[in-house]
Amino acid sequence: MHVLIVFHSDYAHTQAVAEAIAAGAQAALTDADEAADIALKQAVDVHLDDMRSADVLIFGSPVHMGSMAWQMKQLIDSGSKLWMAGELEGKVGGVFATYGGYGGAGGGVEQTLVALHANFLEHGMLVCGFPRSLSGYAYAGLHWGLAVRTGNEEGMPDGVDDTALLAARAYGAHVLETALRLK
């Protein structure tokens, strides 16, 4: 099984979450006594062949002005050739987003997660949300996926705390366990 975790990261926060997702996925594989290749790549370094060869795709983005980072959107738009040929149909997908902003509403995190899901659904992929039974749901879970707050009360970058990383590991394990059940 080949897992590709694609992200864009401005302050290394989204990358830290991606790494925790990869650790959770690896733990799920170890528990299931399965082997897999788990690759993490920045969106600007991903080629269509990377997505073709993946069995599981997990996309993550920081929220930029209520939407995903343009680097993620550029990658998604470049995938129209994959859509035309149906090359991602049946693959398993998961999504995550990091956000700062003012207030507790998330500043566009739901729209970002929904947009990432919409891309996967357009391709005919099977997508994984974040069930409330997973560790960390109350802190960083939404039914759409993982949503990690990385900003402080002033909306400035503040980092990723251990509770969010726990939720990220749980989500990575969940996506991989889902893929293994479908395998």
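No value in this document is a laboratory result; all are computed from the given coordinates. Note that the structure is a prediction, hence the values are computed from the model and not measured. Using ideal geometry, Cβ is built from the backbone for each residue, glycine included, and neighbour counts are taken over all protein chains shown.
Of note:
- Hull shadow area, averaged, the chain [alpha-carbon convex hull, nm²]: 9.1 nm²
- With neighbour counts taken as other beta-carbon atoms within 10 Å, the residues Ser9, Ser80 rank, fewest first, as Ser80, Ser9.
- Modelled label positions at Lys81 and Ala12, each set 7 Å beyond Cα in the direction of Cβ, lie 3.5 nm from each other.
- Within the stretch 30-183, percent of DSSP bridges classed antiparallel, to nearest 5: 25 percent
- As a length-normalised measure over Cα pairs under 8 Å and 6 or more apart, the relative contact order of the chain settles at 27 percent.
- Reduced Cα scattering model of the stretch 76-183, Debye log10 I(q)/I(0), q = 0.18 Å⁻¹: -0.89
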